[in-house]
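Step one of this worksheet: look at the structure below.
The values are calculated or read from the model by the stated rules, or taken from the named source; none is laboratory data. As the structure is a prediction and not an experimental result, all values here were calculated from the model. Counting neighbours? That spans all protein chains shown, and the Cβs are built from the backbone with ideal geometry, glycine included.
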Amino acid sequence: MSEKKTNRRDFLFTATYAVGAVGVGATVWPMIDQMNPDASVKALASTEVDVSSVNRGKTITVLWRGKPVFIRRRTEDEIADARSVKLEDLKDPEKDEDRAKNPEWLVMLGVCTHLGCVPLNDKGDYNGWFCPCHGSHYDTSGRIRKGPAPTNMEVPKYEFVNANTIKIG
Amino acid sequence: MSDHEYTPSSKFGKWFNDRLPLLSLASHLTDYPTPKNLNYWWTFGGILTFCLITQIVTGLTLAMHYIAHADMAFESVEHIMRDVNYGWLIRYIHANGASMFFLAVYIHIFRSLFYGSYKSPREIIWIIGIIIYLLMMAAAFMGYVLPWGQMSFWGATVITNLFSAIPLVGEGIVTWLWGGYSVDNPTLTRFFTLHYLIPFLILGLVVLHIWALHVPGNNNPVGIDVKKPSKDTVPFHPYIVIKDTFALLMFMIVFAFFVFYTPNILGHADNYIEANPLVTPAHIVPEWYLLPFYAILRSVPDKLLGVIAMLSAILILAALPWLDTSKIRSAVFRPLYKQFYWILVADVLILGYVGAMPAEGLYLLVARVATAYYFLHFLVILPVLGLKEKTLPIPLSITEPILGGTANLATARNKESSIK
Amino acid sequence: MKNFLRILSLVIVFLAAPLNSYAAEKVEYLKTDWSFKGLFGKFDRGALQRGYQVYTEVCASCHSMKYLSYRNLAEKGGPEFTEQQAKAIAASFDVSDGPNADGEMFTRPGKLSDKFVMPYENVKAAQAANGGAYPPDMSVLVKARGGGVDYIYSLLQGYEDPPVGINLEEGVHYNKYMYGNKIKMSNPLSDGLIEYSDGTSATVEQMSKDVTTFLMWTAEPHLETRHQMGFKAIVYLIILTILVYFSMKRIWSRVETKV
């Protein structure tokens, strides 16, 4: 077999393999993507909540994307508590002003950042939340203060549509 | 399998192979000596493996979204078709894949009938194949019930009622199959469970089918025993692998055309109407691949005998290696058998055609004649033909066909093409 | 190889023969050009939007469309209303929701994620309001009828006075394309019945075509993607088949056997 012939054969086989591999990839993708959130799930990505009946010092829990969201109307004391903490005392330094744009309302995912349990209201050493699973303590801004959780409870994207309605997502 | 010893070159390979001889197995599969004169009818084994894997993979993904409940099944299928990412594609591949699977299996079976692949020493391969075919029919039938459309519901009702033909215990069996007094939610959930199970049984049987094949090796168009390995054989890889791939790709083009351009043509419009126990569709028709047997069922005027006839039509195939008394395998050297073979093909196609038609008048008459001929072929023609037929002389080797043999013999062409 | 292909195609033709006879209706349907047929078929956006108008203003008072959501109206490959338009359409419907904090159901304006509002609470209510006949859900109607779009298109234009000798009961109408010719739905369309917002003249023929196009989309919302993907897939397969064919020829050239 001449050298030229060998090269041509190699090229043909390489091209066949390459084109075949592209096809396999294109076929595998739909089988993987079908497990991603479908169109009806994505459509529910935002939810609107009427908060007019929530009194100061109370928390309501609503479901958003299958997870609990805490909406707390904080008292003046709680706000003062949250804003007076020094950043260097925090495990995950974050200002309360950044977490609650409107200081009266704290909106955050009610999911412990340790392993995903739902923390309890008005519990723990910092008068905020306490996770019963592995003992994480959160303050009145939902920031981690003690225990195994690595970060503060997450604040989702939300906005006030009007004075009484919060749109989450 | 032990016709050559394989020793891995690497130390780790040897260590591993001594404990679990996977590398020996891989080596056996790649080197497996295959007759080099296999024609394209022999590529359908590979195509069928592809069909089975496609059905399992798409089926698994569909099962992630499907809800097996009488109130939600239809809706969940619509959810798959509308909202799930690529759901429509996966479902259409699965639905049309069943038809493609049967198309391939029929070609595979009729190839075997033509070239006598069921004969000694390959009887076990053949019988395993028949069991696979029966399981395929069961899986396809139960799969068709899952969308819970009108045809699903009434198809399930009609087919399960076949068991009521059994004397004494029939009614009890039907109630047991249903889990109630009609086809309903309990029936749907158990059909889903079994529909999920059967493909894996088939997969196991396919392994046995191939294992049993690798003991005597492939039959070939000439039908004579081939010395292995020899100049009459080629290693499975790359020769057969590339040829099977080529045939598979052609098959996939047809498959893709169905999936993308006429995805519903093989189904029935009534199955897009949600199941309604109060209204039966005007014509109940099974999927096309079951039509010949449906025709046999309807051509017998007695309920029990009809069911028996239909079952016998399939089970008779298992006895085929002993019904066919001819020692010659390939129809190429059996001029009379060849003609009867094509008559049988036509007979089955006719049965399929009348199975789709209403069972009345001329259609019923044709169905009865065709049914009678079907049994005649296997029970009378084949045994007698094997004893009486004058066969053509058989070549000694597939590369040395005798002169004056049949003109269209695959082997006869080898000489010409080798000059190229 | 040639022999093989010849026999194979023959068998396929044979197998296909009984398929055509599935739709055993011998009626010749009215024909029109459907933009969504063929290898590159796409929907006519104008027809889809007008068809939606016919559906809401005429059909929706009896026929549900339970598998569709308002968000679908703005999705690619459909009528492609803008998101604002689709939101406005959704908001024009009252959707029942709840229970609220007091445990009571309430109604609110529709959202994009809501399913199309149904004209009746359930099948029984629909039957009671329509003289015992259930107006079928229209989501997959086109796929649920043997004649498909041609059948629906013809049916809408098939109302006639019954031929002499046929007596119709109260509430039954004569339609020459209906199976058995008797239909409980009264003629839904008449020229100028609605006023198209794009100024198209609302003839019965135009409305039939538009609403049928719309129903084809509701039954096959991914039809356009399917056609586009199918073309690419088949072209790809042909290219790969050619490459594999030459690879095969080269590999088999090592032995003296033709493939």
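Can you pull out the residues in the range C:175-191 that are surrounded by 14 or more Cβ atoms within 10 Å (Cβ to Cβ) and of a type outside the set (A, V, I, L, M)?
Kept after step one, since they are surrounded by 14 or more Cβ atoms within 10 Å (Cβ to Cβ), are these residues of the range C:175-191: C:175-179, C:181-185, C:187-189.
Within the range C:175-191, C:175, C:176, C:177, C:179, C:181, C:182, C:184, C:187, C:188 qualify.
Out of (1) surrounded by fewer than 18 Cβ atoms within 10 Å (Cβ to Cβ); (2) touching a residue at least 40 places away in the same chain (Cβ under 8 Å); (3) touching a strand residue (DSSP E or B) at 6+ places or on another chain (Cβ under 7 Å), the odd one out for residue A:55 is which?
(2)
Residue C:126: surrounded by 15 or more Cβ atoms within 10 Å (Cβ to Cβ), away from every other protein chain (no Cβ under 13 Å), more than 17 Å from the chain's Cα centre (by Cα) and more than 27 Å from residue B:262 (Cβ to Cβ), yes or no?
Considered against the rule, which asks whether it is surrounded by 15 or more Cβ atoms within 10 Å (Cβ to Cβ), away from every other protein chain (no Cβ under 13 Å), more than 17 Å from the chain's Cα centre (by Cα) and more than 27 Å from residue B:262 (Cβ to Cβ), residue C:126 comes out as yes.
Within the range B:231-279, take every residue that is touching a residue at least 12 places away in the same chain (Cβ under 8 Å) and surrounded by fewer than 19 Cβ atoms within 10 Å (Cβ to Cβ) and give me the one that is nearest to the chain's Cα centre (by Cα).
Looking at the filtered set, the residue picked out is B:254.
Free of Cβ contacts under 8 Å to residues at least 60 places away in the same chain and at positive phi - does that describe any residue in the range C:110-130?
no
Exactly one of (1) at the interface with another protein chain (Cβ under 9 Å from one of its Cβ atoms); (2) under 22 Å from residue B:262 (Cα atoms); (3) surrounded by fewer than 20 Cβ atoms within 10 Å (Cβ to Cβ); (4) not small (Gly, Ala, Ser) is unmet by residue C:222. Its number?
With respect to (1) at the interface with another protein chain (Cβ under 9 Å from one of its Cβ atoms); (2) under 22 Å from residue B:262 (Cα atoms); (3) surrounded by fewer than 20 Cβ atoms within 10 Å (Cβ to Cβ); (4) not small (Gly, Ala, Ser), residue C:222 is out only on (3).
Only one of B:63, B:68, B:26 is more than 24 Å from residue B:96 (Cβ to Cβ), more than 14 Å from chain C (Cβ to nearest Cβ) and of a type in the set (A, V, I, L, M); which? Step through it out loud before you land on a result.
Values: B:63 fails: more than 24 Å from residue B:96 (Cβ to Cβ); B:68 fails: more than 24 Å from residue B:96 (Cβ to Cβ).
Going through B:63, B:68, B:26 in turn, just one is more than 24 Å from residue B:96 (Cβ to Cβ), more than 14 Å from chain C (Cβ to nearest Cβ) and of a type in the set (A, V, I, L, M): B:26.
Go through A:97, A:76 for me and flag whichever is free of Cβ contacts under 8 Å to residues at least 24 places away in the same chain, over 20 Å from residue A:159 (Cβ atoms), away from chain B (no Cβ under 14 Å) and not small (Gly, Ala, Ser).
None of the others qualify; the one that does is A:76.
Only residues that are within 14 Å of chain B (Cβ to nearest Cβ), in a loop (DSSP other than H, G, I, E, B) and surrounded by fewer than 21 Cβ atoms within 10 Å (Cβ to Cβ): list them for the range C:139-168, please.
Correct list: C:146, C:147.
Could you please find all residues in the range C:169-215 being of a type in the set (Val, Ile, Thr), part of a loop (DSSP other than H, G, I, E, B) and under 22 Å from residue C:131 (Cβ atoms)?
Within the range C:169-215, just C:172 meets the criteria.
Is one or more of the residues making up the range C:228-241 more than 7 Å from every other protein chain (Cβ to nearest Cβ), in a helix (DSSP H, G or I) and closer than 21 Å to residue C:79 by Cβ?
Looking for residues that are more than 7 Å from every other protein chain (Cβ to nearest Cβ), in a helix (DSSP H, G or I) and closer than 21 Å to residue C:79 by Cβ, one finds at least one in the range C:228-241, hence yes.
Would you point out which residue out of C:209, C:184 is more than 30 Å from residue A:29 (Cα to Cα), at pLDDT below 95 and away from chain B (no Cβ under 14 Å)?
C:184
Quick one: count up the residues across the range A:55-82 that are in contact with a Phe, Trp or Tyr (Cβ under 9 Å, 6 or more places away or on another chain) and not in a strand (DSSP E or B).
Number of matching residues: 2.
Does residue B:107 satisfy the condition of being under 27 Å from residue B:208 (Cα atoms) and either away from chain A (no Cβ under 14 Å) or not in a helix (DSSP H, G or I) (or both)? I'd like the intermediate steps shown before the answer.
Working: under 27 Å from residue B:208 (Cα atoms): yes; either away from chain A (no Cβ under 14 Å) or not in a helix (DSSP H, G or I) (or both): yes.
Yes: the conditions hold for residue B:107.
Tally up the residues in the range B:319-356 that are out of contact with any Gly (no Cβ under 8 Å at 6 or more places or on another chain) and of a type in the set (Val, Ile, Thr), please.
Residues in the range B:319-356 being out of contact with any Gly (no Cβ under 8 Å at 6 or more places or on another chain) and of a type in the set (Val, Ile, Thr): 5 in total.
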